[in-house]
Amino acid sequence: MARSDGCIIFLLWGILLTLKEICLVESVNAMQGSCPALNGASSFTQTELLIELTNDCRYDKMVRPPGEKNDTDPIIVASRAYIYTIQSNMAKTLQFDIQMMLQFRYLDKRLRFAEIAPHLPQIIGGKSAHDLIWTPSVYVANERSSVIMGNGVKDLLISIDPNGTVLLTSRLAATLNCGLRLEKFPFDVQECPLSFESWSNNVHEMKLVWDDSPILLAKELHLTEYSLVTYWVNESDVSYTVAQQHYGHFAGNFSTISITFKLAREMGFFIMDYYIPSILIVVISWVSFWLHMDASPPRIVLGTNTILAFMTLASKVENSLPKVSYIKASEIWFLGCTIFLFAAMVEFAFVNTIYRRKKNVPLKKVNSKYILKSTLTPRLARKQFQKNTTGLERSRSWSSLDHENANDSVYTSQNYLTVHSFPSSMNIPSVTIEDDREQDSGGSIVTLDTIAAPVSPPKPPTRRATLANLTTFTTMTPQEIAQWIDKRSRIVFPVSFLIFNVLYWSFIWI
């Protein structure tokens, strides 16, 4: 009885081994291509047909589709983009957001169903269809957090034509990096790319190209901070020359396509909120030139308030920008306006200091050169005045001065000097003027040498000889000089600021 039970168990074990071998043979035959024929495909639904077409015995989604002409040729993936919105916040973050619909079109001969299901115009599916077929692995190269296209995408659509043409459509919202050049900020023009790159297939396996009419823009597309000037597309290859033993298949040349957006910054905000207010602040600082020279409180308050107001205005703009190593156009404007505001304060301090002086200033001529020179170096100007009035110009004839005051009122006793002819054998009185080192009285010490012989009456000088030896000097009070500087500042400052504006805006628009 025990022996018969053992025989039965042995027979059952043999039967199980035979069945297992039969299953293995059938699975091997299926893997080798002996798939059941697609009988009755005309009655299949789209889902049933796609499942049969992608059966493991005839379709491997890990293998790329063959080329159009030769199986070894790379598959051509044509791309097209429809852009909904572009939101720019590049000034601070160096990034911009884009929302678009992206399409990839390629031919997969393994999905052809024109002969077996002629009643179906196309197969349309979503995420479930995407999981059954091969799709190109493409990622956004300059995205802040790059993802592989087709995985984890919210909106996804797959359509397959009877000849095997696959159209993969997905919506994409991406935050892209854009390296800015801010030399002409806020009048800068930026070029920001959107690059798509093949992830797992090199140029020998897959090539990305742009389709006909590659970029379409929505009619309601509008940017806030920037305006879209133009755009262009490009196709190229990117090379990764890392050692093959480290990165294996992922080293080599990979296909890439890109869209470059040329964006011009909208200037209205900066013109209305920065440039016009700063111009008005600089103009308000010139009101100080119309106030009295000795009106210290209002002129000081006006100067300090304009500087503080401009600093606050400029800091609001500069804090919204990244820190860069080069000089921006906005910084040149800030520096120029600051110089004009500071110069207005210095002008008041200079004028007020001159206004409080006590002594008159001698001038050779009443012009800018001599007024500024005598004002900045009053002691040097006074010594120059005494040095120039030497020799015969220091010999005065008191009788001739009296005679001149009676007959000619044009020449005063300050600037009219006479010359007399005396016999060479006679000693004449000489007048010597010594500089007063204390400079308190502003005058001179006069000494007379007693003559040793009687003096004959001098002959009156001729008018021509008098004018030939005349050097005209005049004096101005400190109050007059201060008023003179204020009047000139009313013209010099606006003209200088106008020249600065011409140079600045020429640099901007060239």
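The values are calculated or read from the model by the stated rules, or taken from the named source; none is laboratory data. Note that the structure is a prediction, hence the values are computed from the model and not measured. In this analysis, Cβ positions are derived from the backbone assuming ideal geometry, glycine residues included, and neighbour counts consider all displayed protein chains. For accessibility, only protein heavy atoms count, side chains too; no ligands or nucleic acids. Shrake-Rupley method; radii C 1.70, N 1.55, O 1.52, S 1.80 Å.
Identify all residues within segment 85-123 that are crowded, with 16+ Cβ neighbours inside 10 Å and either hydroxyl-bearing (Ser, Thr, Tyr) or under 18 Å from SER213 (Cα atoms) (or both); write none if there are none.
Of everything in segment 85-123, those that are crowded, with 16+ Cβ neighbours inside 10 Å and either hydroxyl-bearing (Ser, Thr, Tyr) or under 18 Å from SER213 (Cα atoms) (or both) turn out to be SER88, MET100, MET101, LEU102, GLN103, PHE104, ARG105, TYR106.
Within segment 192-240, which residues are of a type in the set (D, E, K, R) and not in a strand (DSSP E or B)?
GLU205, LYS219, GLU220, GLU225
For segment 108-117, indicate whether the set of residues that are at pLDDT 85 or above, under 30 Å from PRO193 (Cβ atoms) and in contact with a Ser or Thr (Cβ under 9 Å, 6 or more places away or on another chain) is non-empty.
Yes, some residue in segment 108-117 is at pLDDT 85 or above, under 30 Å from PRO193 (Cβ atoms) and in contact with a Ser or Thr (Cβ under 9 Å, 6 or more places away or on another chain).
For segment 296-326, which positions are of a type in the set (A, V, I, L, M) and either exposed (fewer than 14 other Cβ atoms within 10 Å of the Cβ) or in a helix (DSSP H, G or I) (or both)?
The initial filter retains those residues of segment 296-326 that are of a type in the set (A, V, I, L, M), namely 300-302, 307-309, 311, 313-314, 317, 321, 324.
Matches in segment 296-326: ILE300, VAL301, LEU302, ILE307, LEU308, ALA309, MET311, LEU313, ALA314, VAL317, VAL324.
Return the total of residues in segment 156-175 being in a strand (DSSP E or B) and in contact with a Pro (Cβ under 8 Å, 6 or more places away or on another chain).
Qualifying residue count for the region: 1.
Where the second residue is among the hydroxyl-bearing types (Ser, Thr, Tyr) and at pLDDT below 90 and the first is on the phi > 0 side of the Ramachandran plot and open to solvent by less than 50 Å² (accessible area, probe 1.4 Å) and lies in segment 250-273, which pairs have Cβ atoms under 9 Å and are six or more apart or on separate chains?
GLY252/SER239; GLY252/TYR240; GLY252/THR241
Which pairs have Cβ atoms under 8 Å, sit 6 or more apart or on different chains, and link a residue in segment 325-350 that is over 18 Å from PHE270 (Cβ atoms) to one that is among the acidic types (Asp, Glu) and open to solvent by 10 Å² or more (accessible area, probe 1.4 Å)?
Listed by first residue and then by second, the contacts come to TYR326/GLU183.
For segment 92-117, how many residues meet the condition of being in a loop (DSSP other than H, G, I, E, B) and farther than 23 Å from CYS57 by Cα?
Looking only at segment 92-117, we keep the residues that are in a loop (DSSP other than H, G, I, E, B), and these are 94, 108, 112-117.
With farther than 23 Å from CYS57 by Cα added as a condition, the list becomes 94.
Matching residues across segment 92-117 total 1.
Failed condition for GLU197, given (1) open to solvent by less than 30 Å² (accessible area, probe 1.4 Å); (2) outside the structural domain of GLU68 (by the TED database), with all others met?
Among (1) open to solvent by less than 30 Å² (accessible area, probe 1.4 Å); (2) outside the structural domain of GLU68 (by the TED database), GLU197 violates only (2).
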